[in-house]
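Asks: Questions regarding the structure given below will be posed in turn.
Every number here is computed from the coordinates shown, using simple stated rules; none is lab data. Please read all numbers here as calculations on a predicted model, not as lab measurements. Positions of Cβ are generated from backbone atoms using ideal geometry, with glycine treated the same way; all protein chains shown enter the neighbour counts.
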Amino acid sequence: MFVQATDYGNNGMSGGAFFLWFVIIYVLLVIPYYGIFTKAGRPAWAAFIPIYSTIVLLEVVGRPVWWIILFFVPIVNIVILIIVLNDLSKSFGHGTAFTLGLIFLSWIFLMILAFGSSTYRGPIASPGAMAPPPPPPPAMPPA
C-alpha cells in the first residue's frame, strides 16, 4: 500500500516573496506623495502612513477631512478620487488634460507633480480660493 505524500509547504518563501513585492510596490507608490507633500509645505513623512497620507492629501487640495469617510464607500470612492485628483491638478496649476493623466497614468503624472517644474499654488478647493473673474470685454468703438 502506497501513501502519496503531498507537501504544500515551501518553508515560507511565498509569504516572504509576497511581503517583499508589497514593500517594493508600496515604496514606489509613496515616492510621488513624498515629493508632493514637500512642495505643498506638509510633512513629507506623512506619505508613509496609509490613512493619514490621504488626510494630508485632502488638506493639500483644500477638501474637508471628513471626506476620508467617502473613500470607504464603494462607487462613491471612485467619484471622490476623481474630484481629488482634479483638485490636485488645479492646485499645481494644471488643467483638465493633466487630470486625465492623473486618472489613467497616475504614477507617471504624480511623479511629474512631485519632481517636475510644477509649483504648488495653494488649495484650489478651499472657499477663499475662488477663481478671479474674467476680464471685461473690450470696449466697443464709438459709432
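Asks: What are the residue pairs meeting all of these: first residue in the range 55-84, first residue on the phi > 0 side of the Ramachandran plot, second residue assigned to a helix (DSSP H, G or I) and polar (S, T, N, Q), Cβ atoms under 8 Å, and 6 or more apart or on different chains?
Replies: Gly62/Ser91
Asks: Among Phe48, Phe37, Phe92, which is out of contact with any Gly (no Cβ under 6 Å at 6 or more places or on another chain) and surrounded by fewer than 18 Cβ atoms within 10 Å (Cβ to Cβ)?
Replies: Residue meeting the stated conditions: Phe48.
Asks: Filter the range 55-65 for residues that are assigned to a helix (DSSP H, G or I) and crowded, with 18+ Cβ neighbours inside 10 Å and give the result.
Replies: Matches in the range 55-65: Val56, Leu57, Leu58, Val60, Val61.
Asks: Another question, then. In the list Asn86, Asn77, which residue meets the criterion of being of a type outside the set (Val, Ile, Thr), in a helix (DSSP H, G or I) and buried (at least 21 other Cβ atoms within 10 Å of the Cβ)?
Replies: Asn86
Asks: For residues in the range 90-109 being touching a residue at least 24 places away in the same chain (Cβ under 8 Å) and part of a helix (DSSP H, G or I), which is farthest from Leu58 (Cα to Cα)?
Replies: My answer is Trp107.
Asks: Among the residues of the range 24-52, which ones are over 17 Å from Ser89 (Cα atoms) and among the aromatic types (Phe, Trp, Tyr)?
Replies: Hits for the range 24-52 are Tyr26, Trp45, Phe48, Tyr52.
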